[in-house]
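The values are calculated or read from the model by the stated rules, or taken from the named source; none is laboratory data. All of these numbers come straight from a predicted model, not from anything done at the bench. Cβ sites come from the backbone with ideal geometry, for glycine too, and all protein chains shown count toward neighbours.
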Amino acid sequence: MTPTVLVHRDQRLLAQAVAARLVTRLVDVQSATGSASVVLTGGGIGIAVLSAIAATPARDAVDWARLDVWWGDERFLPSGHPDRNETQAREALLDAVDVDPARLRPMPASDAADDAESAAEAYAAALRKATRPEDHADVPAFDVLLLGIGPDGHTASLFPGQPAVYDDRMVVAVQGAPKPPPTRLTLTFDAINAAKEVWMVAAGETKAAPVAMALGGAGRVQVPAAGVRGRQRTLWLLDAPAASKIPAGLTRLASP
């Protein structure tokens, strides 16, 4: 399925646009099915999107108590550590809305698990438990799964050439990641690609080259971001600097 590429003028407008799009999507899904699910990401733009949701009155249109919140990857650090994606997401948005604690599914922290491998197994078990017969996988068919992309083309904590890009389990521990901290947990391609919609959000000139490679047909081992896609829809949501090297001929819809 060919991804849709949407380009916004700058990072601020991108964060606001993605926030508005996500609120609308969650409200639509909840209206149709009664509940919704989202997989969050970290990074500067990922957290900026959550902050933009917190800042808009439209956030109240979401029934936060009927939302399942998961994470695509996590730094294997103690609970409350400022570098954990969970900590940043709580500070940006989650502590300000009425999410049901039972439906908030952070990846295990290092002080709550024996080691990263057992933490990955525990998260995989939680995903399996949350599946429904119609999901046809060992993970739920998430309504929206948010991702970012690194300057090296990594996404979630799937780094180029690392063992995790070959793994067919749903959740794995990452040891020796090329950026700190070296120990992480991540969903794999199979888990990510079970989502109904995958949204890749990228901002800044440092992301231009990996974005162009991912959209230009690079292999997922060398550029992991090239290997993610939603079952129903794949969106690449970019600011102008991140989109500046997209191959000619690829559909681009520029906003004002």
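For the stretch 1-30, what are the residues that are touching a residue at least 40 places away in the same chain (Cβ under 8 Å), hydrophobic (A, V, I, L, M, F, W, C), over 19 Å from GLU205 (Cα atoms) and surrounded by fewer than 18 Cβ atoms within 10 Å (Cβ to Cβ)? Hit for the stretch 1-30 is MET1, nothing else.
Taken over the stretch 166-190, the criterion of being surrounded by 18 or more Cβ atoms within 10 Å (Cβ to Cβ) and either at pLDDT below 95 or within 15 Å of MET213 (Cβ to Cβ) (or both) is satisfied by no residue. The set of residues in the stretch 129-148 that are in contact (Cβ under 8 Å) with a residue 24 or more places away in the chain and assigned to a helix (DSSP H, G or I) comprises ALA130, ASP135. For the stretch 1-16, residues that are part of a helix (DSSP H, G or I) and either farther than 16 Å from PRO57 by Cβ or touching a Gly at 6+ places or on another chain (Cβ under 7 Å) (or both) total 5. Among residues that are over 20 Å from PHE189 (Cα atoms), surrounded by fewer than 20 Cβ atoms within 10 Å (Cβ to Cβ) and modelled with pLDDT of 95 or more, ARG90 is included. Which members of the stretch 66-116 meet the condition of being small (Gly, Ala, Ser) and either assigned to a helix (DSSP H, G or I) or on the phi > 0 side of the Ramachandran plot (or both)? Within the stretch 66-116, GLY80, ALA89, ALA92, ALA96, ALA102, SER110, ALA112, ALA116 meet the criteria.
Cβ-Cβ distances below 6 Å connect the following pairs, each with a first residue in the stretch 58-80 that is within 19 Å of ASP114 (Cβ to Cβ), a second residue that is basic (Lys, Arg) and assigned to a strand (DSSP E or B), and a separation of six or more residues or different chains: ARG75/ARG184; PHE76/ARG184. Here GLY43 clears all of (1) out of contact with any strand residue (DSSP E or B) (no Cβ under 8 Å at 6 or more places or on another chain); (2) surrounded by 15 or more Cβ atoms within 10 Å (Cβ to Cβ); (3) free of Cβ contacts under 8 Å to residues at least 60 places away in the same chain except the condition numbered (3).
With respect to GLY161, is the statement that it is closer than 30 Å to VAL211 by Cα, among the small types (Gly, Ala, Ser) and crowded, with 22+ Cβ neighbours inside 10 Å true?
On the way: closer than 30 Å to VAL211 by Cα: yes; among the small types (Gly, Ala, Ser): yes; crowded, with 22+ Cβ neighbours inside 10 Å: no.
So GLY161 does not fit the description; no.
If you go through the stretch 24-42 one residue at a time, do you hit one that is of a type in the set (Ser, Thr, Tyr), assigned to a strand (DSSP E or B) and modelled with pLDDT of 95 or more? Yes, there is a match, as at least one residue in the stretch 24-42 is of a type in the set (Ser, Thr, Tyr), assigned to a strand (DSSP E or B) and modelled with pLDDT of 95 or more.
Being crowded, with 24+ Cβ neighbours inside 10 Å, farther than 28 Å from ALA102 by Cα and either at pLDDT 95 or above or under 13 Å from the mean Cα position of the chain (by Cα) (or both) is a description that does not apply to VAL198. Looking only at residues in the stretch 120-134 that are closer than 17 Å to THR188 by Cα and more than 19 Å from the chain's Cα centre (by Cα), the one that is surrounded by the fewest Cβ atoms within 10 Å (Cβ to Cβ) is ALA125.
Restricting attention to the stretch 174-204, which residues are within 25 Å of THR2 (Cβ to Cβ) and among the charged types (D, E, K, R)? Can you show your working first?
Residues of the stretch 174-204 within 25 Å of THR2 (Cβ to Cβ): 187-204.
Matches in the stretch 174-204: ASP190, LYS196, GLU197.
Taking the conditions exactly as written (out of contact with any strand residue (DSSP E or B) (no Cβ under 7 Å at 6 or more places or on another chain) and closer than 30 Å to GLY204 by Cα), does PRO101 satisfy them or not? No.
Kindly list, by first and then second residue, each pair from a residue in the stretch 226-246 that is in a strand (DSSP E or B) and crowded, with 21+ Cβ neighbours inside 10 Å to a residue that is of a type in the set (D, E, K, R) and modelled with pLDDT under 95, limited to pairs with Cβ atoms under 8 Å and residues at least 6 apart or on different chains. The qualifying pairs are ASP239/ARG9.
Quick check on this structure: which one of ALA109, ALA102 is hydrophobic (A, V, I, L, M, F, W, C), under 27 Å from ALA52 (Cβ atoms) and surrounded by fewer than 15 Cβ atoms within 10 Å (Cβ to Cβ)? If you could, list the steps in order and put the result at the bottom.
On the way: ALA109 fails: surrounded by fewer than 15 Cβ atoms within 10 Å (Cβ to Cβ).
Going through ALA109, ALA102 in turn, the sole match is ALA102.
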